[in-house]
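Since the structure comes first, as structure tokens, the remarks are kept for the end.
All of the numbers you see were taken from the coordinates with simple rules; none came from a lab. These figures come from a predicted structure and were not determined experimentally. Positions of Cβ are generated from backbone atoms using ideal geometry, with glycine treated the same way; all protein chains shown enter the neighbour counts.
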Amino acid sequence: MGRVYIFTRFERLWHWIQAVLIIGMLITGFEIHGSYHLLGFEQAHRVHTTSVWAFIGLWVFAMFWHLTTGEWRQYIPTMKNIDKIVRFYAVGIFKGEPHPFKPTRERKHNPMQAQTYLGVTMVVTPLIWLSGLAYLFYNELGAAGFRVDLGTIATVHTVGAFLMLAFLIGHIYLGTTGHTPMAHFRAMVTGWDDDH
């Protein structure tokens, strides 16, 4: 068994800051929605809005990094061996079979991961951002002549939040499916992955 350096320091930092911000936005967003009372509406709104701007800033920086380093290629979807990946997650994982994909610096994500990350990046995140910004600047949009129903904006934003929550739950679960339950988490902390 050897070790392979998969995730750079920036990727790990970006991943964990993003995780903290997403969890914070989910917690405060559902409180703003009225699901429970933890911080109070005003404090939850303030934390949520601050987290949103930090998240957008992080993404702008991360997009620049991905484009300048060529790491954007990691998210190009492929169908190569997708049948083996799907079979592994549907059946093989429960039989203790080895994972059919071995991550490398050149290809960190298996085909299913790449497609999922691309979908989150191209569909879920813009859905949340556009509806959230429309929500935040609703009065300004109205003053500029745009008439959008606030209830529709809130519904779209909430649907996006549930999609992100579903992704987060799935992401955490799949993080436990390495050769040990903590192997993938350890790789995202240290950058090193065991080469099995």
Burial-style ranking of 29-39, 104-114, average other-beta-carbon count within 10 Å with highest first, yields 104-114, 29-39
Shape call for segment 63-140, from the Cα gyration tensor axes a ≥ b ≥ c (a/c under 1.5 means rounded, otherwise prolate when a/b beats b/c, else oblate), comes out oblate
May I ask for the angle, rounded to the nearest 10°, between helix 150-175 and the longest principal axis of the chain, with both axes built from Cα atoms and the value confined to 0 to 90°? 20 degrees
CD proxy, 222 nm, the chain: helix-only mean residue ellipticity via -39,500 (n - 2.57) per DSSP H run with n ≥ 4, per residue, nearest 500, stands at -21000 deg cm²/dmol
Based on a Kirkwood Rh over C-alpha pairs, give the Stokes-Einstein translational diffusion coefficient of segment 2-195 at 20 °C and viscosity 1.002 mPa s in µm²/s. 115 µm²/s
